[in-house]
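Throughout, read-outs are computed from the coordinates displayed, never taken from laboratory work. Only a predicted model underlies this, so the values are computations on that prediction, with no experimental measurement involved. Here the Cβ positions follow ideal geometry from the backbone for every residue, glycine too, while neighbour counts run over all protein chains shown.
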């Protein structure tokens, strides 16, 4: 055992990288669910974003355009879901699952020519020139720009939902779509926007895996990250800040247990790997026991809405 | 809010339904061969090589066979559903290509006595269930030798999947031969409890590199650890299960290739000719089931020559990688001077050899 082999600074920096994909996807899904829609297609949108981002960045040589196209790709895919559930009133759970299946297949097809291809490097930034500072440098100032984008998005979503009128309207749609409709708000249009935002976030999250974290294309490479993001929204009780804490906790446990193992510390790996899921199950149990409102679940979550009702 | 935990099963079930209908579509004079894969065929490693075996069967028999496969089948109850669907779809021979399919294979085989099953890397057999595996540890021994020679930090990182005998054999074989040529070498082992999760495999590789490892060995299925090694300076690794030749100009300095094609062709032919019998096959470098990919210039010429000599000795049966004296981790004697490990012990190997630090998780 050699604990001194673990560098806490590198550990925290690695944790933020590990958490970023699920954080991005989760913050997008949070907005979708706040608007009263449950989109279980996060995994499908992430993997589509992963291949779209990688393919485009390889072709153009620009990671920026790659991430942009990943956002567009994720959003386009989510719009299929939006049209089906909002205008054809299909079941949200089934449609979301179908979206995941579709996304996995589509990405596998699109990825045929890109297996083992390395994407152009997404540079680490040296924010304000402070990246070389000891300790805080690598943690706060030395990441790539997507990490900062994810943090900005969390703050933005929090402020949007809490302080803006538009955020209030979005929440009202998620709490009581009929009432919002009666007040003259265009429920479907608002929900459509939320779903597209969620798709874009998931797409960027997926692209972060294929372009920074791994970085290459492998079939099915998101390997369940989308489901973790969905669980995080529940875990975070539909609050932006808590979702971020959850994502870093999850990323932290993942990275920490790997580092502890590498250092030869005898830890019960399986329990540590299991713990985020256990906590999520616990939260789900609380919800099904009728405590959902107390936890902050939007009242109209998962219900279809039609103006004629 | 539905129950998330069931979603993967639902997806798998849907995938099976699709595969099932495709398989039902024809008459039955062709020999139908089904493959159950644990990862995607594009993983670039384990499942990729099994799929190469499927393609070889198609090429060998042409129109006389019909193949079908299902990817990303979770180990456990889902696997049973997939196999059942394949058997109902008229498969004559089903290859189940991951350790975790062992009990599902036995269960389904009991329900379909006329269908032949072949389970990779397991140890449970029945009248219509064969097992087959490759002596990967032979390749690991060569890898260990090279790793011990090329490491500068004397730290070798090892990404392990599940604590099963196959993986433990690999760790022991690699460590034994690394330590023979470099007594100072130290193995840092990470158990990731997955065969295929590129993000987690990459994270594990990064954690090992952060802690000073400059040779990365992996027993997981994707190329992500090599990609992570490519990011770091002066770190090398090996292709696992497949050549992973795309990393030749980067960190990949050699590879172990699982060549299943001859076996799959032979077994398919046995079914066609009605000579199929339940057997236990465990082949290595002698039959070519375990191949070593091309070594790159990052391995010094003399080390390459030593590796070649070792491979030749293993292939000819002259040298067994587990030849005593070898002690167990606790210092007790496992193999006395000159004693060679028997297959039974190797098949159930569940302890580290002397010098490896840490415990095997349960």
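Below are the figures for this structure:
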| read-out | value |
| --- | --- |
| Degrees, to the nearest 10: A:165-175 long Cα axis against longest axis of chain A | 70 degrees |
| Value of D in µm² per second that Stokes-Einstein yields for chain B, Kirkwood Rh from Cα pairs, at 25 °C (0.890 mPa s) | 116 µm²/s |
| Compactness of segment A:18-61, expressed as Rg and Dmax over alpha-carbon positions, Å | 12.6, 39 |
| Rounded Å value of the spacing that divides the Cα centres of segment A:213-235 and segment B:215-253 | 22 Å |
| Number of partner chain Cβ atoms within 10 Å, mean per residue of A:220-231 | 5 |
| Hull volume in cubic angstrom per residue (convex hull over the Cα atoms of the protein assembly as shown) | 163 Å³ |
| Residues B:280, A:144, sorted so that the one with the fewest Cβ neighbours within 10 Å comes first | B:280, A:144 |
| Reference-scaled alpha-carbon Rg (2.2 N^0.38 Å with N residues) for segment B:196-253 | 0.96 |
| Neighbouring partner chain Cβ atoms per residue of A:206-219, average, 10 Å criterion | 6 |
| Long-range tail of P(r) for segment B:72-221 (Cα pairs > 22 Å, %) | 49 percent |
| C-alpha center-to-center spacing [segment B:283-362, segment B:67-144] in angstrom | 26 Å |
| Peptides ranked, highest mean first, by Cβ atoms within 10 Å: ranges A:302-308, A:49-55 | A:49-55, A:302-308 |
| Rounded to 10°, Cα long-axis angle of helix A:92-110 versus longest principal axis of chain A | 40 degrees |
| 10 Å Cβ neighbours from other chains, averaged over peptide B:211-220 | 2 |
| Beta bridges per DSSP with both ends in segment B:122-261, % antiparallel, nearest 5 | 5 percent |
| Antiparallel DSSP beta bridges within the protein assembly as shown, as percent of all bridges there, nearest 5 | 20 percent |
| Helix-only CD estimate at 222 nm, as mean residue ellipticity for chain B, using -39500 (n - 2.57) per DSSP H run (n ≥ 4) | -12500 deg cm²/dmol |
| Antiparallel bridges, percent of DSSP beta bridges restricted to chain B (to nearest 5) | 20 percent |
| With Cα atoms, 0 to 90° folded angle of helix B:198-210 axis to chain B main axis | 10 degrees |
| Computed log₁₀ I(q)/I(0) - Debye formula, equal Cα scatterers, no solvent, segment A:3-295, q 0.11, 0.12, 0.16 Å⁻¹ | -0.65, -0.78, -1.31 |
| Burial ranking of peptide ranges B:74-85, A:62-73 (average Cβ count within 10 Å, highest at the top) | A:62-73, B:74-85 |
| 5 Å-binned pair-distance histogram of segment B:248-362 (Cα, whole percent) | 2, 8, 12, 14, 16, 18, 14, 8, 4, 2, 0 |
| By average C-beta atoms within 10 angstrom, highest first, the peptides B:117-129, B:335-347, A:231-243, A:215-227 | A:215-227, A:231-243, B:117-129, B:335-347 |
